[in-house]
Amino acid sequence: LRRADPAAVRRAMRLYAVTDPHCNQKTGRSLVEAVTLAVRGGATIVQLREKDIDGGDFARQAAEALKVCRQHGVPLLINDRVDVALAVGADGVHVGQSDLPAATVRAMIGPSRILGVSVKTPAEARAAAAAGADYLGAGAVLPTGTKDTNVIGLEGLEAVCSAAAPLPVVAIGGVSAANAGDTVRAGCAGIAVVSAIFAAEDAEGAARKLRTVVDEALGRA
Ligand code: TZP
Ligand code: MG
């Protein structure tokens, strides 16, 4: 078992789709329907972030979502639930500062699955890198209604990106097609979005537009 390929992880950060049960409730989509639209539109990685769901339900839906992601060659990560990730054979896990410590998660998932860690500061970025993270999620970069959390701004994002190098950083929080270009130009490898894809009536079209904006800001992959 080898470490996940750093260049492949960086490429996967371009358009990172993070699911949200509240969005799906509003649009009437199932989790797997939502994931299907996101990857059809060009999402380069998907994270299932389902906070209030039974483990069994989550594992069943994650297995379905994993099939869709595999068909599109897109990695699937699980938020928080290392057990669910291992049970379904997901490509990795994403944890925050109040979840199991990153080094513990790394030991549980082995070297080759992808480990992502949420950070807000350069100190957290350095600690996560030392603990074995493959990429960092930094945010909230901009105000968001999706999560109650403080805003680090594009300056905070830049500081995290510098501290994290060479690890790729994905920007999360309030990112939309309107600000994705400026966000990427702050130095991150791509954008992570919840509502900009999953609250959209045309989620596939929204993902396609976001992907175009990111590809234009970063140069075509
Ligand atoms: N972590 C920091 S901000 C955020 C998470 C999960 C929510 C981002 O949601 P949106 O709808 O893309 O602003
Ligand atoms: Mg968490």
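Per the listing GLU33, GLU50, the residue uniquely among the charged types (D, E, K, R) and free of Cβ contacts under 8 Å to residues at least 12 places away in the same chain is GLU33.
Matching residues to (1) within 15 Å of ligand 1 (Cβ to nearest atom); (2) touching a strand residue (DSSP E or B) at 6+ places or on another chain (Cβ under 9 Å):
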position	(1), (2)
ILE109	no, yes
LEU115	no, yes
ALA131	no, yes
ASN150	yes, no
GLU155	no, no
VAL214	yes, yes
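All of VAL84, VAL93 fail the test of being touching a strand residue (DSSP E or B) at 6+ places or on another chain (Cβ under 7 Å), within 16 Å of GLN47 (Cα to Cα) and within 16 Å of ligand 1 (Cβ to nearest atom), apart from VAL93. None of VAL119, VAL151 is out of contact with any helix residue (DSSP H, G or I) (no Cβ under 6 Å at 6 or more places or on another chain) and either without any contact (Cβ under 8 Å) to a residue 60 or more places away in the chain or surrounded by fewer than 24 Cβ atoms within 10 Å (Cβ to Cβ) (or both) except VAL151.
The condition (being without any contact (Cβ under 8 Å) to a residue 12 or more places away in the chain, not in a helix (DSSP H, G or I) and not hydroxyl-bearing (Ser, Thr, Tyr)) is satisfied by just one residue among ALA178, ALA133, ALA171, ALA138: ALA178.
Where helices (runs of 4 or more DSSP H) fall wholly inside the stretch 45-114, the ranges with 3 or more residues that are within 18 Å of the chain's Cα centre (by Cα) and within 14 Å of ligand 2 (Cβ to nearest atom) are 82-88.
Coordinate-derived values only; no laboratory data. Because the structure is predicted, anything quoted here is derived from the model rather than measured. With ideal geometry, Cβ positions are generated from the backbone for all residues, glycine too; neighbour counts draw on all protein chains shown.
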